[in-house]
Amino acid sequence: MTESAIPGQSATPAKPALPWAGIGFGLGGYFLWGISPLYFKAVGAVGVPLLELNAHRVLWSCLLCLAILLAMGKRKEWLAVLRNPRLRKALAATAVFLLSNWLVFVWAIDRGQVIACSLGYYINPLFTVLLGRLVLKERMTAVQWGAFGLAAAGVAVLIGNADSAIWLSLIIAVSWGFYALIRKSFPVDSLIGLTVETMVLLPFALAYLGWLVWTGQGAFGAADGWTHFLLLLAGPVTTAPLVLFAAGWRRLRVATMSLLQYLSPTLQFLLAVLLWNETFTGAHAVAFAFIWGALIVYSWNSWQVARRSA
């Protein structure tokens, strides 16, 4: 992701006196996540296969995360997580969901289904709330149930119209929802968590890249300079939004970040319709109306709750 808010951070703003700085960081992170399909389209245009791209994403993200982590002086916290068996197991599980989300997201973009990606990330916050109710036994208000019902109606419209891309949307929402659920149950600093997750995936990525080099199929080392540059960008494209998001998360209330997060799927939606001319049907219009309505209701309720508790 993209993607949406990553749990595991303190909900208390570190610097409430500087909200505009937090808003700037939050918007920056969600903006980069929102325009990330531009990057993946560019990589697809030079013919790099999906699996190879994601292997490079793991490799360069891991190296970049380690560099940032050490530069920020988080070595002790990182080692403490690595020494904790429960956290290692939890982050191994989130690594699987993270990779699943990456694979489906990039596959959908490559197949011209960016609208399906945006829909998935619109649905995700509401699915995460439902998971919290079912798994963590968190209380849902009548307003939240109503918002979830509206979103479900939007999904049902697309299923009823035999829109096969809705399954991509649901996989994106579900994979990121379970990722968020585990990260909430085992709170870990977002940068340290991503570092460990990419470390879990790194042996498999290196094995696959090594096999590509051995068989002469790998793009890296054999392609032109532009392709090499795009593959090296895989690290910053993955980590830069996360670093900006984490900076915003420390400075803003959860309700504020919950509103900002809709920037990402909105940008993806606009890119799909205005730049790549993806088909936007009547069924899409009805479904998105239900889901946008659900998000307005949900966000308004979250904002009111945050104001009362302030």
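The values are calculated or read from the model by the stated rules, or taken from the named source; none is laboratory data. These figures come from a predicted structure and were not determined experimentally. Cβ sites come from the backbone with ideal geometry, for glycine too, and all protein chains shown count toward neighbours. Note: accessible area is taken over every heavy atom of the protein model, side chains too, but ligands, DNA and RNA are not part of it. Shrake-Rupley method; radii C 1.70, N 1.55, O 1.52, S 1.80 Å.
Worth pointing out:
- In segment 171-190, the residue that is modelled with the lowest pLDDT out of those that are more than 14 Å from the chain's Cα centre (by Cα) and not basic (K, R) is P187.
- Exclusive hit being of a type outside the set (F, W, Y), part of a helix (DSSP H, G or I) and without any contact (Cβ under 8 Å) to a residue 60 or more places away in the chain, set L91, L99, L87, L79: L79
- For segment 177-204, the set of residues classified as more than 18 Å from L82 (Cβ to Cβ) and open to solvent by less than 10 Å² (accessible area, probe 1.4 Å) consists of G177, Y179, A180, listed by residue number.
- A156 without any contact (Cβ under 8 Å) to a residue 40 or more places away in the chain, out of contact with any strand residue (DSSP E or B) (no Cβ under 6 Å at 6 or more places or on another chain) and assigned to a helix (DSSP H, G or I): yes
- Scanning segment 131-142 for residues that are open to solvent by less than 50 Å² (accessible area, probe 1.4 Å) and touching a helix residue (DSSP H, G or I) at 6+ places or on another chain (Cβ under 6 Å) turns up L131, M140.
- Where a residue in segment 28-56 is crowded, with 17+ Cβ neighbours inside 10 Å and its partner, wherever it lies, is outside any helix (DSSP H, G or I) and of a type in the set (G, A, S), with Cβ under 9 Å and at least six apart: Y30/S4; W33/S4; V48/A219; V48/A223; E52/G218; E52/A219; L53/A219; H56/A219
- Residue match in segment 117-128 (condition: surrounded by fewer than 24 Cβ atoms within 10 Å (Cβ to Cβ), among the β-branched types (V, I, T) and at pLDDT 90 or above): no
- Looking across A14, A67, one residue alone is part of a loop (DSSP other than H, G, I, E, B) and either modelled with pLDDT under 90 or surrounded by fewer than 21 Cβ atoms within 10 Å (Cβ to Cβ) (or both). It is A14.
- Selection status of S299, among the small types (G, A, S), at pLDDT 75 or above, surrounded by 15 or more Cβ atoms within 10 Å (Cβ to Cβ) and touching a helix residue (DSSP H, G or I) at 6+ places or on another chain (Cβ under 6 Å): yes
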